[in-house]
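Some notes on the structure that comes next.
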Amino acid sequence: MVILEVGLGGRLDATNIVDADVAVVTSIALDHTDWLGPDRESIGREKAGIFRAEKPAIVGEPEMPYTIADVAQETGAQLQRRGVDWHYDVTGDGWSFTDGEGTLANLPLPQVPQPNAATALAALRASGLNISEQAIRDGIARAILPGRFQIVSELPRVILDVAHNPHAAEYLTERLKMLPKNGRILAVIGMLHDKDIAGTLAWLKSVVDDWYCAPLEGPRGATGEQLLEHLGKGTVYDSVRAGVACSAGRGETRRYRAGVWIISHGCTCHGSDGRGEKRWRVSFRIV
């Protein structure tokens, strides 16, 4: 089995030369609008460009743009919509999934976003692959997605997240609200200047207590001052690493007993030393 991640959009992405047996659209958010169009309908049409005739087309977006249905009809794809052809329900410490084949109950809660886990399960069942129910349960329990609410330390709790648009920031905010508030929430953040900085930070303002703004390297990187302008409060640092070091030192003082550090956007992939997650993990143990 080969799983291909489509890059920018879908219709024009290089991976679209492959005629996939199952196509998946997880969600529709306003991102890369210069390339994909100014609204969800335009972006939906671009993403649906990966659909193929007589092949399942799984859509995990609950409020699906009408253009996705249009493309499915034009291509003859077998559209399977969340909330229509399949759905899931979270109940306490588990969840259930139902589609045309039946119901899987008492599934373990995933470490990845719940909608994504359900969408992946819908795609797996539509693929026709002979996967045992136990293998499905094990996969749901073990699957992780680096850089998406990735907890790399518990004492203190350090979370890496690459949220870089309002849709992802909304999800990150809701996840943070679910955590017990044992102290202040400190966020070290860097972003690209061509992203919706204002819309992204607007969500996180409600949960973050202290901001550490840093530039990202490269011509697309926003400056710390640009981020601070949207936040209205915070401190600017020369690099993400400097922000991490200062926030860690501040979090250890009695006054600022930090409950959570968020290292948001760019740090796992675009950190100033380019060495990735393992390097950041060491940093938090040293400072």
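Just so it is clear, none of the values below were taken in a lab; they were calculated from the coordinates. Small disclaimer: the values here were computed from a predicted structure and weren't measured. Positions of Cβ are generated from backbone atoms using ideal geometry, with glycine treated the same way; all protein chains shown enter the neighbour counts.
The figures follow:
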{"read-out": "Magnitude of the charge dipole, region 14-142, Cβ model with Lys/Arg +1 and Asp/Glu -1, debye to 20", "value": "240"}
{"read-out": "P(r) of region 61-205 over all Cα-Cα pairs, binned every 10 Å from zero, in whole percent", "value": "9, 31, 32, 22, 5, 0"}
{"read-out": "Percent RCO, i.e. relative contact order, over region 14-142, from Cα pairs under 8 Å lying at least 6 residues apart", "value": "21"}
{"read-out": "Counted charge near K55, where neighbours are those whose Cβ lies closer than 9 Å (Asp, Glu -1; Lys, Arg +1)", "value": "-2"}
{"read-out": "Highest-fluctuation residue, A168, A135, A123 considered, GNM on the chain with Cα pairs under 10 Å", "value": "A135"}
{"read-out": "Cα-centred dipole magnitude for the chain, charges only on beta-carbon of K, R (+1) and D, E (-1), debye, nearest 20", "value": "1420"}
{"read-out": "Rh by Kirkwood over Cα pairs, then Stokes-Einstein D for region 14-142 at 0.890 mPa s and 25 °C, µm²/s", "value": "159"}
{"read-out": "Residue order, fewest to most beta carbons within 10 Å, for M64, M178", "value": "M178, M64"}
{"read-out": "Cα convex hull of the chain - mean projected area over all directions, nm²", "value": "15.9"}
{"read-out": "Kirkwood Rh in Å, taken over region 13-78 so that all alpha-carbon pairs contribute", "value": "11.9"}
{"read-out": "Candidates A14, A222, A23: whichever shows maximal mean-square fluctuation once the chain is modelled as a Gaussian network with Cα springs under 10 Å", "value": "A14"}
{"read-out": "Over the chain: helical MRE at 222 nm, DSSP H runs n ≥ 4 each giving -39500 (n - 2.57), nearest 500", "value": "-10000 deg cm²/dmol"}
